[in-house]
Amino acid sequence: MKPIRLLFQAFALVLLVTGLIVGYTSTSALLPARQSAPSALVPQASVWPESTQYLIPQLTGLGLNNQLWDYQAAAALAKATGRVLCLVPFLRFYLSKGGQPRIPYEHIFDPDELDKYTRVRDMKGCTLACAGVLDRFYSFHGDAFSSKGGKENTHLKAFRQNTKFRANLPEKPIHINDTSVLGAASVSELSRNIASVIEKDDLCIGVVTTYFASMPSEHRKIADYFISAPYIREAASKAIELLFGKEEFLAIHWRFEETKCRDIGSLLPGDRSVTSAGFDKDQVQKEKGLPIVGTGPLCFFSTLTTLKDNFGGQGKERPLRLVLTTQDEIVRAIQEQMEQTGIKKVYLATDVDPTRGKPLLKFLHEKTHMKMFKDLPTGWNKKLDFNQQDVISRVEQEICSSSSRFLGTSTSSWTTTVSEIRETRGVGALDTMLDHIVHVST
């Protein structure tokens, strides 16, 4: 019996070692066989039957709020096709250097809330179910991204890096330019029309898409399900308590970094200001391709449209201009809002560089006594990763969403997201735009 016992012990040892190896091997290298997809998926009246098939989005936006539009479109596609939406991580804002390059969905948003709109699954579960294999990759960018261009392959490469799927991806995307799909006015219409362009039996498909301009109301509905993670909401409530107690406050978002405003001028040390001596407005207008109003060293990339047209107007052609002004006029606009509303407390969320922009921020603080995130005491929160700027940014959006009044920046997706949160909570999308109320010389 002894040889048999030794053989059994050897076999057990092999199993143990194999288990250890699997535990330290990447998921994509030792994946189980793929789960079978249903043999028939025929679209019914408006929405495809729910299945255990998966849709994995590739996020294309440069910032978190642009990536939210990608996610909203992917959620609409998942609902329209009856697929499970895989929760890919967000990509760190391209200007940020600290924190993780990929941020898990649940670090910013609550997956259980999005699951109320369409079924979701984390990426580990999706990768196992798909065995790391993608059947097809679809691009829904329309004419903006030609299938002959190089950007499509870039998206495939980024997809592999972001999802950790195996290298055997499709060689190229399937470019969808069907106007009945891209121009669908609702999820039910999208569900009916998409049947002719998506292979119904594929287990796992990837998509690269962005805002469906033809159905803004559905995007607005989906936005209600992107709810901040509980610890972020708790952090925002604590921050408001520390900064303002129970007093009401005016929140302002000033979008400072804009490519269209680059080299126009600013008050930041080291910046080249063409608004100083020798400024030729006609020449700058020609170079920028946009009309310029006002004079001064501060620049806003601004819309000419009304608040109603601007809010939720992604995908629409909107008249744009550059608004030049001064720090005195910015203060004047803020003080007028404080006087009109009787609100004495101000919170400022901005991406102005805290070091180079210190003189500007000091001036604003002296004139309005505003508070910023940096004014919170050291060690006030133990759960937040202060190196992850996108997480902190979401906390600031929650702070602005809880203010009595909100002033945004008209071309900013950050402002649009705050407006969506405020509208969901029934406190009003936003009151006005900072770049719309500054006084400029014409």
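Report, by residue number, each residue of the range 212-229 that is closer than 19 Å to Tyr105 by Cα and not hydrophobic (A, V, I, L, M, F, W, C).
If we filter the range 212-229 for residues that are closer than 19 Å to Tyr105 by Cα, which is where we start, we get 219, 222-229.
Listed by number, the residues that qualify are His219, Asp224, Tyr225, Ser228.
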**Message:** Lys97 - would you say it is surrounded by fewer than 24 Cβ atoms within 10 Å (Cβ to Cβ), at pLDDT 90 or above and of a type in the set (Lys, Arg)?
**Reply:** no
**Item:** Qualifying positions in the range 54-72 - more than 18 Å from Ser412 (Cα to Cα) and at pLDDT 90 or above
**Value:** Tyr54, Leu55, Ile56, Pro57
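Out of the residues in the range 172-228 meeting the condition of being of a type in the set (Val, Ile, Thr) and in a loop (DSSP other than H, G, I, E, B), tell me which one is nearest to Val133 (Cα to Cα). Outline the logic, then answer.
From the range 172-228, those of a type in the set (Val, Ile, Thr) are 174, 176, 179, 181, 187, 194, 197-198, 205, 207-210, 222, 227; that's our starting set.
Next cut, in a loop (DSSP other than H, G, I, E, B) only: 176, 197-198, 209-210, 227.
Details: Ile176: 21, Val197: 20, Ile198: 17, Thr209: 20, Thr210: 23, Ile227: 30 Å.
Ranking the qualifying residues of the range 172-228, first place goes to Ile198.
Residues Phe137, Phe90, Phe109: which one is modelled with pLDDT of 80 or more and touching a Gly at 6+ places or on another chain (Cβ under 8 Å)?
Numbers: Phe90 fails: touching a Gly at 6+ places or on another chain (Cβ under 8 Å); Phe109 fails: touching a Gly at 6+ places or on another chain (Cβ under 8 Å).
Exactly one residue qualifies, and that residue is Phe137.
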**Fill in**
Filtering the range 74-101 for residues that are within 13 Å of the chain's Cα centre (by Cα) and in contact (Cβ under 8 Å) with a residue 40 or more places away in the chain leaves a count of 7
**Request:** For the range 419-428, state whether one or more residues are open to solvent by 10 Å² or more (accessible area, probe 1.4 Å) and touching a Leu at 6+ places or on another chain (Cβ under 6 Å).
**Result:** no
**Message:** What are the pairs with Cβ atoms under 6 angstrom where one residue, in the range 408-427, is under 14 Å from Ala223 (Cβ atoms) and the other, located anywhere, is in a helix (DSSP H, G or I) and among the small types (Gly, Ala, Ser)? Sequence gap at least six, or different chains.
**Reply:** Val418/Ser401; Glu420/Ala223; Ile421/Ser401; Arg422/Ser401
**Asked** If you go through the range 335-367, how many residues are within 12 Å of Phe249 (Cα to Cα) and open to solvent by less than 60 Å² (accessible area, probe 1.4 Å)?
**Response** 8
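I'd like to know if the range 385-393 contains one or more residues that are open to solvent by 30 Å² or more (accessible area, probe 1.4 Å) and aromatic (Phe, Trp, Tyr). Write out each step before concluding.
Going residue by residue through the range 385-393, those that are open to solvent by 30 Å² or more (accessible area, probe 1.4 Å) are 385-387, 389.
Then drop every residue that is not aromatic (Phe, Trp, Tyr), which leaves 386.
There is at least one residue in the range 385-393 that is open to solvent by 30 Å² or more (accessible area, probe 1.4 Å) and aromatic (Phe, Trp, Tyr).
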**Item:** Residues that are under 20 Å from the mean Cα position of the chain (by Cα) and either open to solvent by 10 Å² or more (accessible area, probe 1.4 Å) or acidic (Asp, Glu) (or both), drawn from the range 227-252
**Value:** Ile227, Pro230, Tyr231, Arg233
**Asked** If you take the residues of the range 59-76 that are assigned to a helix (DSSP H, G or I) and in contact with a His (Cβ under 8 Å, 6 or more places away or on another chain), which of them is farthest from Ile392 (Cα to Cα)?
**Response** Ala76
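Look at the range 368-381 and say how many of its residues are open to solvent by 100 Å² or more (accessible area, probe 1.4 Å) and either at pLDDT 95 or above or outside any loop (DSSP other than H, G, I, E, B) (or both). Let's see the steps before the verdict.
Residues of the range 368-381 open to solvent by 100 Å² or more (accessible area, probe 1.4 Å): 369, 374, 378.
Those left that are additionally either at pLDDT 95 or above or outside any loop (DSSP other than H, G, I, E, B) (or both): 369, 374.
The number of residues fulfilling the criteria is 2.
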**Complete:** The correct count of residues that are more than 21 Å from His107 (Cα to Cα), hydroxyl-bearing (Ser, Thr, Tyr) and assigned to a loop (DSSP other than H, G, I, E, B) in the range 390-430 is 6
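The values are calculated or read from the model by the stated rules, or taken from the named source; none is laboratory data. Keep in mind that what you see is a predicted model, and the values were worked out from it rather than measured. Virtual Cβ from ideal backbone geometry, glycine too; neighbours counted across all protein chains shown. Accessible surface areas use protein heavy atoms only, side chains included; no ligands, DNA or RNA. Shrake-Rupley method; radii C 1.70, N 1.55, O 1.52, S 1.80 Å.
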